[in-house]
Every structure is written in C-alpha cells, then in structure tokens.
Amino acid sequence: MKAKALVYCENEFGSIDGKVANGLIRQSEIYDIVGVIDSSKAGQDAGEYLDGVKNAIPIFESITLALGELNAIPEYFIYGIAPLASFLNDEQKEVIFTAMKSGMNIVNGLPEFFNENTQFARMARNYGVTILDIRKPPKRENLHNFSGRIQEVKVPIITVMGTDCAVGKRTTALVLVEALRNEGLNAVFVTTGQTGLLQGSKYGVAIDVLTSGFATGEVENAVINAYEQEQPNIIVVEGQGALSHPAFTSSSAILRGAMPDAIIVQHPPKRKSYCDYPKIPLLDLVDEIEMIEVFSKSKVIAITINHENMTQPEVNQIIQQYESEYNLPVADVLIHGCDKLVKELIKIFPELKRESVLV
C-alpha cells in the first residue's frame with residue numbers, strides 16, 4: 001500500500017521550481033498523492049493542469065482547506081518546491097508547523113535539513129511525527145570513492161543529459177525505462193536527485209549535496225548496485241543541470257561516474273537563458289552536444305524536447321528541423337512516446353533486440 005501524501009507547491013505547481021511536485025503527480029511508487037497545495041491554481045485537477053489529462057488529484061488553496069476537504073489526514077506532507085534559495089520563509093515554516101500539528105510526517109527535499117533545525121526537531125517530537133530529509137547525504141564513512149569498477153558493467157549505460165536544469169531529464173528517463181520494459185527488456189533507472197528518490201527509485205543518491213570528492217564515486221556505486229542486484233539488460237541514468245551550466249557541477253560527476261555508452265540530450269527550444277539566471281544565455285544545443293561528447297568520450301544518440309511555451313505545430317516543426325540538422329532521432333516523449341529512442345537503442349546495441357526476443 002502506498003502512503004497517502006499531500007504536496008505543498010505554493011505558486012509553483014507546473015513551473016520550473018515546482019519540479020518535485022510535478023514529478024510526484026506524474027509518478028510515485030511510494031506515495032499516493034491526494035492533493036496539491038497551490039492557491040494560484042486552486043480548484044483545478046492537478047493532472048489536467050500539468051499534462052492535460054485528469055488524474056483526480058485536486059489542487060487546494062491552503063493546507064487548512066485541504067485537511068477540511070479530505071476524508072482523512074494524509075500520513076505525509078511533502079515540500080514539493082525546488083527553489084534556488086533553499087531556506088524557508090516564515091510563511092512556509094508555518095505551513096510545515098501546521099502539518100506537524102495535524103499529525104503528518106514531513107518529507108523534505110531541500111538541502112536545508114529540518115532535522116538539524118532545533119525548532120523543527122522539537123516540534124516533531126512534541127507532535128509525535130517524523131522528518132525525512134531526503135537529500136541528506138550518507139555519513140562520510142559510508143560514502144564511496146570512484147573505483148573504476150564501472151568498467152565491469154557489461155550492459156549499455158545511457159544517461160539523459162540536458163541543456164539546462166529543470167528541463168525534464170528525469171521524466172524522459174522514466175518514460176524511456178517504461179518503454180524499454182514494454183519491449184520485454186529489464187531496464188533499470190538510476191536517479192541522481194531528490195525527486196527520483198521521492199518517486200521511489202531503488203538506486204541512486206541526490207548528488208548535488210555531496211562534496212566533489214565523492215559525487216563521482218556515489219554515481220558509480222549506484223550504477224554498480226543496480227547492475228549487480230537487478231542483472232538488467234540496460235541502465236538509464238538521470239542527468240542533473242547541464243554540463244555548460246556555470247552554477248552546477250553535477251553533470252560532470254554523472255558523466256565521470258556512469259561512463260555512459262550513449263547519451264540522450266533533453267532541450268527546451270524556447271528557453272533563452274539558464275534557469276534562475278536570466279542574464280546568462282543558454283548555450284546553443286549544437287555546442288552543448290559538442291561539449292558533452294568531448295567531455296564524456298561518448299556519443300549523443302538522440303534529442304528529446306521539452307515543449308514549454310510551445311504549440312503542437314511548433315513542436316512538430318522543431319522536431320523536423322533538428323532531425324534534419326543533427327541527423328539524430330528527435331522526440332517529445334510526453335507527446336510522442338519513446339518509439340524512436342527504443343528503435344535507436346536497439347540499432348546501436350543489437351544485444352537488446354536479442355534480449356527482448358528472449359524475454
């Protein structure tokens with residue numbers, strides 16, 4: 001049974017900073033999401049607002065109204081915003097306190113760890129609830145240095161990189177894994193961020209809170225664990241940020257730690273500047289691909305589209321343009337699915353076709 005959960009995403013649901021809530025609405029193996037709190041979209045269906053398909057998850061104006069309308073108090077209250085500034089303001093803290101007083105356990109994906117805050121910890125004890133700091137890294141003695149054992153992995157490793165953060169790398173990776181499984185392949189997803197962990201990924205770690213000395217080793221260790229435990233036909237690793245993004249270093253650790261055999265690049269054609277950095281123009285797609293290939297010594301085999309601010313005709317046009325320009329398969333997986341990607345992977349790695357036939 002999945003645990004019922006209410007997600008807080010005030011003013012951000014469906015936007016870039018609301019990516020945690022967006023991901024949980026689309027998929028979660030751990031939580032049964034019973035509602036989203038966002039007063040700017042109150043009264044709407046979360047699935048319809050996000051993807052145009054109703055999923056019977058209501059959006060509430062406030063936590064008070066949510067608890068008044070739900071049949072029972074959910075077991076968990078998830079902070080579903082991933083802002084650049086990681087600290088809560090007073091209003092947000094009060095919402096968390098209200099959740100605790102109502103008997104809900106708190107799930108926190110911020111790099112501000114609530115358990116280390118004396119006020120939060122005291123409140124949790126007083127009301128008999130727990131706080132889960134999802135991004136808190138393992139203790140130093142449990143962290144892994146890079147070992148080189150990644151070269152022992154004998155199945156294709158694919159990473160889904162991007163030209164910016166919050167462009168849909170994780171979503172594309174998860175849709176691709178599902179499509180590969182539908183082909184009869186044992187595909188495993190390795191997450192590298194808090195949303196993937198919240199969605200129930202068995203393998204992975206939020207690497208952006210790790211010191212640079214361990215990030216590469218933790219990625220490697222997650223991939224090796226997935227390989228040894230699942231004996232998969234293919235492993236798909238979630239990317240973070242962008243290799244070109246001046247504010248983040250996670251992409252380099254993922255490429256070094258996973259040593260991918262092939263790369264898919266996710267790109268938002270209408271986005272002109274980096275997320276949260278409006279004065280820094282986004283690197284051109286062609287330059288991002290070149291940077292990734294030079295850095296990783298691997299090849300980009302496909303491009304996937306984030307259709308933010310695009311009409312359906314614009315998406316179709318850009319797909320035709322990119323396929324002609326880059327001579328690569330291009331798709332928006334939320335609109336078109338992953339047929340092109342699966343076909344390309346089977347062409348590049350013919351052992352996948354043999355495995356899919358055997359299953």
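The values are calculated or read from the model by the stated rules, or taken from the named source; none is laboratory data. Values in this document were obtained by computation on a predicted structure and should not be read as measured data. All Cβ positions, glycine included, derive from the backbone under ideal geometry; neighbour counts span all protein chains shown. Side chains are part of the model used for accessible areas, which takes the heavy atoms of the whole protein and leaves out ligands, DNA and RNA. Shrake-Rupley method; radii C 1.70, N 1.55, O 1.52, S 1.80 Å.
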From the set of residues in segment 254-287 that are part of a strand (DSSP E or B), under 24 Å from Ala206 (Cβ atoms) and open to solvent by less than 30 Å² (accessible area, probe 1.4 Å), which is modelled with the lowest pLDDT? Tyr274
Among (1) at pLDDT 95 or above; (2) part of a helix (DSSP H, G or I); (3) closer than 30 Å to Tyr274 by Cβ; (4) not acidic (Asp, Glu), Leu65 falls short only on (3)
Does segment 57-81 hold any residues that are farther than 10 Å from Ile37 by Cβ and small (Gly, Ala, Ser), and which are they? Gly68, Ala72
Residues located in segment 207-242, provided they are part of a loop (DSSP other than H, G, I, E, B), buried (at least 24 other Cβ atoms within 10 Å of the Cβ) and aliphatic (A, V, I, L, M): Ala242
Considering only segment 41-49, I want to know if a residue exists there that is among the polar types (S, T, N, Q), surrounded by fewer than 17 Cβ atoms within 10 Å (Cβ to Cβ) and under 21 Å from Ile25 (Cβ atoms). no
Within segment 189-198, the count of residues that are outside any loop (DSSP other than H, G, I, E, B) and open to solvent by less than 10 Å² (accessible area, probe 1.4 Å) comes to 5
Residue match in segment 64-79 (condition: open to solvent by less than 30 Å² (accessible area, probe 1.4 Å) and more than 25 Å from the chain's Cα centre (by Cα)): yes
Which residue pairs have Cβ atoms closer than 6 Å, lie 6 or more positions apart in sequence or on different chains, and pair a first residue in segment 150-177 that is basic (Lys, Arg) with a second residue that is part of a loop (DSSP other than H, G, I, E, B)? Lys169/Gly239
Scan segment 79-117 for residues that are over 26 Å from Glu218 (Cβ atoms), assigned to a helix (DSSP H, G or I), without any contact (Cβ under 8 Å) to a residue 40 or more places away in the chain and out of contact with any Leu (no Cβ under 9 Å at 6 or more places or on another chain) and jot them down. Asp90, Glu91, Lys93, Glu94, Phe97, Met100, Lys101
How about segment 118-135: which of its residues are outside any strand (DSSP E or B), buried (at least 18 other Cβ atoms within 10 Å of the Cβ) and not hydrophobic (A, V, I, L, M, F, W, C)? Arg135
Within segment 23-31, is there a residue that is free of Cβ contacts under 8 Å to residues at least 40 places away in the same chain, farther than 20 Å from Asn115 by Cβ, in a loop (DSSP other than H, G, I, E, B) and not polar (S, T, N, Q)? no
Which residues, taken from segment 118-147, are among the small types (Gly, Ala, Ser) and free of Cβ contacts under 8 Å to residues at least 12 places away in the same chain? Ala121
If I ask for residues that are in contact with a helix residue (DSSP H, G or I) (Cβ under 9 Å, 6 or more places away or on another chain) and either open to solvent by 70 Å² or more (accessible area, probe 1.4 Å) or of a type in the set (D, E, K, R) (or both), which ones from segment 341-359 would you list? Lys347, Lys353
